[in-house]
Amino acid sequence: MYTKKLLYIILLMFIGGAVEAQAQLALSLDECVRIALNENPTIKVNEMEITRVDYSHKEALGQLFPTINLAGQYTRNLSLQTMYMDTDAGTMAIKMGSDNNHSGGFQASIPLVVPQLWKSIKLTENQILQNVEAARANKLSLVNQIEKTYYSLLLAQDSKRVIEENHATAKLNAEIFQKKYELGAASEYDVLRANVAVSNLEPAILEAENSIDALTLQLKVLMGMDVRTEISASQQLDDFRGGMYARALSNTMGADTTLANNTSLKALDLQTDYLKKVLDVQKMAWYPTLTGSASLMWHSMNNGSPVSGFRWSRASNVGLTLAFPIFQGGQRYYKQKQAEIAVEEMKWQRENLERNLHMQVATQNDAVAKNLKQIESNEAGVVMAMKAHDIMQKSFKIGAASFIQLRDTEDALMAAQLSYYQAIYNYLVAESDLEYVLGNTHYVR
C-alpha cells in the first residue's frame, strides 16, 4: 500500500498540465524524505558524479593496456639529397632518394614496468570512494533539512490551530458581550475589551498562515516537486511523542553513539588516504620505467607520379625502452616534500574536527535530555492551565469571576499549549541534528 502511494505521488509530479487541478497530497515525514531522496536534483547530480568518476577509473586502467595505432605517411621530396664521393677521377655528386616516399602500417606500445602509473590508478579508486561518501553526506544533509522543515511546518500548523481555537473563543465572548451590552447587562468597556482580545489574535493567525505557506514551499523545493503541487502534512507534533524516551536512551547510551559513521570524519579520512597515495605516486617517480614497442610497416619509394609505380617493401621491429630518471632539477624531491606536509596537515585537521564533533554530540545529547524534561513540564502545565480555565469558566458563569480573569486563563492555556508544542519541536530538531552528526539516520546507510 505504501509503495503504491509513493509511486502515485511521484507520477503526479511528472504530470505538468494537471498539477493545478489535482487534489491536495497529505504527506507524512517518511514520504517526504523518500520523495526527496528520489527526486532532489542535488542527489541526482551526486549519483551522476559517481558514475563519471567510475568512468575516469576505467580510463586510467586503460593506460595499462597496449596502444595500437594505424599510421600512414607520404613525403614528396622537392629536391633530393646530394652525396659527394671523392675518386681518382675527381669528385662525384650522387643524388640520394626518390621523388615520392610512402609508408604505412601498425605501431604498438605497452607499458611493462611503470610504478608511478600503477600508483596513480589507486588515486581514481579513492576518488570513487570520496564521491560515494560525498553523496552520502548530501543525503544526510537533505534528510536533516527535510526533517527540520517538516517539524517547523507541524509547529506552525499546531500553533495556528491553538491560536484559532483561542480566537474562536474570544470571538464568541465578543458576540456574547455585544448582545449583553445591547440588553444593558454589560458595559461598553467589556465589549471593547472583548473585541480587542479578538483583534490581538488575528496578526498571530496571519503570521502562522504565512509561515505555513513558506515552509510548504520550502518543503516542495527540497523534495524536488513542482511548486504548483498542493501538499500538506498528514501528521501532527503529538504523533512523534511515541518512542521519544526509547530513542533518547538509544542516542545517549546506545551502541551507535560513536563518530564511526560521521560523514565529515569519513570524508577527511578518505582525503588523507588520497594524499598518502599522492605521496606514493611522487615516490614512484624515482623508479625506472620499462616500455615495449613493436611496428609493422610497408614502405614505397618511386619517382614521377605519386599515385603509380609503387614498389612496396615490408619492415617490422620490436623493442624495449628502459628509462632511469637521473636529474630533474629537484622537482621530484620537492613534490615529495609537499605531499608529506599535506599528509601531516591532515592529522592535525582530523584531531581538531574530532574534538569539535565530540562537543557537538555532547551538546545535542544535552539538548535532547533537556527538551524531553521540558515536554513533561509543559505537558503538566497544559493540564493545570486547562483545569484553571475550567474553574474560571464556571466561576464566570455564576458571576464569581470577571471577564478579565476568564480571558487571562484562556491566554494562559494558549501559552501553555504553544510552549508544549514548541518543546516537542525543540526535541525533534535536537534529535535530528544529533542523528546528522552521528550519521545514524535510518533513511541513509
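Taking the condition touching a Lys or Arg at 6+ places or on another chain (Cβ under 8 Å), of a type outside the set (D, E, K, R) and either in contact (Cβ under 8 Å) with a residue 12 or more places away in the chain or part of a helix (DSSP H, G or I) (or both), does ILE341 pass?
Numbers: touching a Lys or Arg at 6+ places or on another chain (Cβ under 8 Å): no; of a type outside the set (D, E, K, R): yes; either in contact (Cβ under 8 Å) with a residue 12 or more places away in the chain or part of a helix (DSSP H, G or I) (or both): yes.
When the stated conditions are applied, ILE341 does not pass them.
Quick one: is SER300 without any contact (Cβ under 8 Å) to a residue 24 or more places away in the chain, under 22 Å from GLY97 (Cα atoms) and polar (S, T, N, Q)? Step through it out loud before you land on a result.
Details: without any contact (Cβ under 8 Å) to a residue 24 or more places away in the chain: no; under 22 Å from GLY97 (Cα atoms): yes; polar (S, T, N, Q): yes.
No.
For (1) hydroxyl-bearing (Ser, Thr, Tyr); (2) buried (at least 16 other Cβ atoms within 10 Å of the Cβ); (3) without any contact (Cβ under 8 Å) to a residue 40 or more places away in the chain, each residue gets a yes or a no:
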site: GLY104; (1), (2), (3): no, no, no
site: VAL114; (1), (2), (3): no, yes, no
site: LYS119; (1), (2), (3): no, yes, no
site: LEU142; (1), (2), (3): no, yes, no
site: ARG161; (1), (2), (3): no, no, yes
site: ALA174; (1), (2), (3): no, yes, yes
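For the range 201-245, name all the residues that are hydrophobic (A, V, I, L, M, F, W, C) and touching a strand residue (DSSP E or B) at 6+ places or on another chain (Cβ under 6 Å).
Residues of the range 201-245 that are hydrophobic (A, V, I, L, M, F, W, C), as a first pass: 201, 204-206, 208, 212, 214-215, 217, 219, 221-223, 225, 227, 231, 233, 237, 240, 244.
The answer is ILE231, and nothing else.
Is it the case that the range 139-160 has a residue that's closer than 30 Å to SER316 by Cβ and of a type in the set (Asp, Glu)? It would help to see each step written out before you state the result.
As a first pass, look at the range 139-160 and keep what is closer than 30 Å to SER316 by Cβ: none.
So far as the range 139-160 goes, no, none of its residues is closer than 30 Å to SER316 by Cβ and of a type in the set (Asp, Glu).
At pLDDT 90 or above, assigned by TED's automatic domain parsing to the domain that holds ILE205, within 30 Å of ASP433 (Cα to Cα) and in a helix (DSSP H, G or I) - does that describe any residue in the range 163-172?
Yes, that holds for at least one residue.
Would you be able to say whether some residue in the range 375-397 is closer than 30 Å to MET284 by Cα, in the same structural domain as ASN166 (by TED's automatic domain parsing) and assigned to a helix (DSSP H, G or I)?
The first filter runs over the range 375-397 and keeps only residues closer than 30 Å to MET284 by Cα, leaving none.
So far as the range 375-397 goes, no, none of its residues is closer than 30 Å to MET284 by Cα, in the same structural domain as ASN166 (by TED's automatic domain parsing) and assigned to a helix (DSSP H, G or I).
Would you check which residues across the range 94-153 are β-branched (Val, Ile, Thr), within 41 Å of the chain's Cα centre (by Cα) and farther than 29 Å from LEU61 by Cα and list them?
Once the filter is applied, which keeps residues that are β-branched (Val, Ile, Thr), within 41 Å of the chain's Cα centre (by Cα) and farther than 29 Å from LEU61 by Cα, the range 94-153 yields VAL143, ILE146, THR149.
Based on what the data block shows, is VAL382 farther than 30 Å from ASN262 by Cα, of a type in the set (A, V, I, L, M) and buried (at least 16 other Cβ atoms within 10 Å of the Cβ)?
Details: farther than 30 Å from ASN262 by Cα: yes; of a type in the set (A, V, I, L, M): yes; buried (at least 16 other Cβ atoms within 10 Å of the Cβ): yes.
Considered against the rule, which asks whether it is farther than 30 Å from ASN262 by Cα, of a type in the set (A, V, I, L, M) and buried (at least 16 other Cβ atoms within 10 Å of the Cβ), VAL382 comes out as yes.
Do you know which residues across the range 273-299 are small (Gly, Ala, Ser) and out of contact with any Gly (no Cβ under 9 Å at 6 or more places or on another chain)?
Of the range 273-299, the ones small (Gly, Ala, Ser) are 285, 292-295.
Matches in the range 273-299: ALA285 only.
The values are calculated or read from the model by the stated rules, or taken from the named source; none is laboratory data. A quick note: this is a predicted structure, and the numbers were derived from the prediction, not measured. With ideal geometry, Cβ positions are generated from the backbone for all residues, glycine too; neighbour counts draw on all protein chains shown.
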